[in-house]
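Only one structure is covered here, and it is reproduced in the block below.
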Amino acid sequence: TFLHSCIKETLRLHPPLILLLRKVLQPIEVCGFTIPKGHTVVTSPAVANRLDRVFPNPGEFDPHRYDADRAEDAAPFSSISFGGGNHGCLGQQ
């Protein structure tokens, strides 16, 4: 519904989480760099939700970006306002 899209867009622009922290359980390569086991990886939903390669015109409030013909949030983890994966917030549902 349009209301649901408005809520998603508001959360994209103003996420409730400032930082997401994850402990690396096994070495992983990202963009040519190896992150060793035991290190902590930090990301910011406020930054990630405004990447223009994922969301065109990222600073603009546009609830229609979630319409079926655009579906800008279709890629996995494109919007991480509530975290994601095994540690995603129950409040997202």
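The values are calculated or read from the model by the stated rules, or taken from the named source; none is laboratory data. In this text, all values refer to a predicted model and were calculated from it rather than measured experimentally. Every residue, glycine as well, gets a Cβ built from its backbone with ideal geometry; the counts of neighbours run over all protein chains shown. Each accessible area value is taken on the protein alone, full model and side chains, heavy atoms only, with ligands, DNA and RNA left out. Shrake-Rupley method; radii C 1.70, N 1.55, O 1.52, S 1.80 Å.
Values computed for the structure shown
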{"item": "Hits in the range 7-59 (condition: closer than 21 Å to ALA75 by Cβ, more than 16 Å from the chain's Cα centre (by Cα) and among the hydrophobic types (A, V, I, L, M, F, W, C))", "result": "ILE28, VAL30, CYS31"}
{"item": "Residue within the range 32-44 that is touching a residue at least 24 places away in the same chain (Cβ under 8 Å) and on the phi < 0 side of the Ramachandran plot present", "result": "yes"}
{"item": "Enumeration of residues in the range 6-21 that are loosely packed, with under 15 Cβ neighbours inside 10 Å and touching a strand residue (DSSP E or B) at 6+ places or on another chain (Cβ under 6 Å)", "result": "LEU19, LEU21"}
{"item": "Pairs where the first residue, in the range 58-81, is open to solvent by 30 Å² or more (accessible area, probe 1.4 Å) and the second is in a loop (DSSP other than H, G, I, E, B) and polar (S, T, N, Q), C-beta under 6 Å, 6+ apart", "result": "ASP73/SER79; SER79/ASN49"}
{"item": "Matching residues, the range 35-55, being assigned to a strand (DSSP E or B) and either surrounded by 10 or more Cβ atoms within 10 Å (Cβ to Cβ) or in contact with a Phe, Trp or Tyr (Cβ under 7 Å, 6 or more places away or on another chain) (or both)", "result": "ILE35, VAL41, THR43"}
{"item": "Failed criterion for ILE28 (all others in (1) open to solvent by less than 90 Å² (accessible area, probe 1.4 Å); (2) in contact (Cβ under 8 Å) with a residue 12 or more places away in the chain hold)", "result": "(2)"}
